[in-house]
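We did not get these values from a lab; they are worked out from the coordinates using the rules stated. This is a predicted model, so every value here is computed, not measured. No Cβ is skipped: glycine too gets one built from the backbone with ideal geometry, and neighbour counts run over all protein chains shown.
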């Protein structure tokens, strides 16, 4: 046991002991009246025990931001991100972040306080009272209410089973405040067990479907591979690279799949919306899509040209053929399926792409803004870029090449404003030795900008690149393009962002030229401390999206 050799544990201690056994070493959250007992216990777990183990707690200033932090932590480490909130409004504040994680398939565990167990669902006026199970049901893979302390280890075991097995999505547990102080014998810990992982349910797909897919790939003259986040989750990136080289097939990626194959490599055409990818899709005769869902944003509202001969591989059977008709659907683990294809597919000496691919790649346009060019030039290749929903971030999906998985992250499907800074904090907590950059716009930054306090409190060396166009730029573009430039409620009166950041103890400067931005970014990289670089732009600086 962590705290002492006592045979008795409180509910709060039991929770923390189980989390320690699950390998959790970082927790995000903020205390509230219905979770105060957890924080009373947690302070004893933040110092090292005899084995050098401890739990690091990161205090957020708003639970929505805390959920984004847990999300960013999970995306960049591949581990479960854990958030603790109080009951009622604390939990509901976190819901947008949980919905984002649900939409993108991120393993986040939300542990919420709840009113005293006898009062749950009585609706007799207990403060913070709410049916959290019903509230979170649509945006979690699994959730539960713990009614007795004896149920807690089994509930946590079930939670981690769901967090570790496909299809991965968030989990939420409500624990009444009276259970935090309830006492139980430490033998209850034996009921907590980690079982299940992605490899436990890994499958290679039905033999018939595999044979059909192999036949299609052998017959293809111009095969193309589309890679999504499922490839990264399954750690199948090297297999994808090997397959591309073996069958001479270019690779395009979704936003969640960026970095699955080096975008500087010979077979990459970058993001699926990029101009080279769009040109290649017109020439391809067979597509192998692995771990991607063909979502609205990636496919430009499902207008992306996809070859009629489509092989789709996904661990989730509901995704097969959901958006594009497939010729062959394979329900299976990406790594095992691609390994089997590699084993059964002979190498190709020549394909259509050997003649055309160099010209397609050569025609790749330069980034649409000098900010992106400077960032790619100066940032180390292993930098974790956490982009908020903004004009710059959306442009970087296609214009900012990366060579490693998990190094460009974006709220790809729910597309929540305000995600960037908290997610960058979570990423830095999870990878303290790696450089982390937050990309955001002025509108999104002000939704969670108070988390500069968290950045400063823990002296996390995140560099914030804030493009300030004094507008909701994306909305202004929509009003120009579709509503005859009848602009309404899209222009912003912003604070002085430099003074705002400095008031939290964060170094900051404003730039408006390529030279000044380049100098500021070089300085921030060298100093390795919290920094904000404001880039003053105009909303029309960002060229039309592809």
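Let me see the P(r) profile for region 8-191: every Cα-Cα distance counted, bins of 10 Å, each bin given as a percent of all pairs.
All Cα pairs considered, the percentages come to 10, 41, 39, 9, 0.
I'd like the Kirkwood hydrodynamic radius of the chain, using the inverse of the mean 1/r over distinct C-alpha pairs, in Å. Write down the numbers at each step before the final one.
Details: mean 1/r = 0.0407 Å⁻¹.
Computed over Cα pairs of the chain, the Kirkwood hydrodynamic radius comes out at 24.5 Å.
Taking the Cβ-Cβ separation of residue 7 and residue 235 as r and a Förster radius of 35 Å, what is the calculated FRET efficiency to the nearest 0.05?
With R0 = 35 Å, the Cβ-Cβ based efficiency is 0.30.
Using the alpha-carbon atoms, what tilt in degrees (0 to 90, nearest 10) does helix 514-527 show relative to the longest principal axis of the chain?
So the inclination is approximately 40 degrees.
Considering Cα pairs under 8 angstrom that are at least six residues apart, work out the relative contact order of region 59-128 and quote it in whole percent.
RCO, region 59-128: 35 percent.
Suppose the chain between residue 456 and residue 219 were pulled fully straight at 0.36 nm per residue; how much longer would it get relative to their current alpha carbon spacing?
Difference between extended and current length: 79.5 nm.
Using every pair of alpha-carbon atoms in region 93-201, split the distances into 10 Å bins beginning at 0 and state the percent of pairs per bin, rounded to integers.
15, 41, 33, 11, 1
Using only Cα atoms, tell me the angle between helix 63-77 and the longest principal axis of the chain; keep it within 0 to 90° and round to the nearest 10.
Once rounded, one gets 50 degrees.
Can you give me the Kirkwood hydrodynamic radius for region 230-273, using every pair of distinct Cα atoms, in Å to one decimal?
Final number for the Kirkwood radius of region 230-273 is 10.3 Å.
Using Cα atoms only, what is the angle between the long axis of helix 473-482 and the major principal axis of the chain, expressed in degrees (0 to 90) to the nearest 10?
That works out to roughly 50 degrees.
I need to check one value: relative contact order of region 8-191, counting alpha carbon pairs closer than 8 Å and at least 6 residues apart, in percent.
So the answer I get is 27 percent.
Compute and list, largest first, the equivalent-ellipsoid semi-axes of region 292-411 from the alpha carbon gyration tensor, each √(5λ) rounded to a whole angstrom.
Numbers: eigenvalues 173, 82, 55 Å².
Largest first, region 292-411 gives 29, 20, 17 Å.
Simple spin-label model, 7 Å along Cα-to-Cβ: residue 529 to residue 54 in nm?
2.3 nm
Return the FRET efficiency for the residue pair residue 481, residue 308: r is the Cβ-Cβ distance, R0 is 25 Å, and the value is rounded to the nearest 0.05.
0.20
From the P(r) of region 235-348, can you give the percent of Cα pairs sitting at distances over 18 Å?
Tail of the P(r) past 18 Å holds 48 percent of the pairs.
Return a whole-number percent for the relative contact order of region 370-541, with Cα pairs under 8 Å and 6 or more residues apart as the contact set.
Across region 370-541, relative contact order equals 23 percent.
At q = 0.15, 0.18 Å⁻¹, what base-10 log of I(q)/I(0) does the Debye formula yield for region 429-546 when every alpha carbon is treated as an equal point scatterer in vacuo?
-0.71, -0.94
So in the chain, what percent of DSSP beta bridges are antiparallel if you round to the nearest 5?
On the way: 4 of 67 bridges.
If I count the DSSP bridges inside the chain, around 5 percent turn out antiparallel.
Tell me the mean residue ellipticity at 222 nm calculated for the chain from its helices only (DSSP H runs of n ≥ 4, each -39500 (n - 2.57), averaged over every residue, nearest 500).
The helix-only estimate for the chain comes to -10500 deg cm²/dmol at 222 nm.
Give the calculated FRET efficiency between residue 193 and residue 345 to the nearest 0.05, with a Förster radius of 51 Å applied to their Cβ-Cβ distance.
Calculated value: 0.80.
Among the DSSP beta bridges whose two residues both lie in region 359-491, what percent are antiparallel, rounded to the nearest 5?
10 percent
Can you order the peptides 509-518, 25-34 by their average number of other Cβ atoms within 10 Å per residue, highest first?
25-34, 509-518
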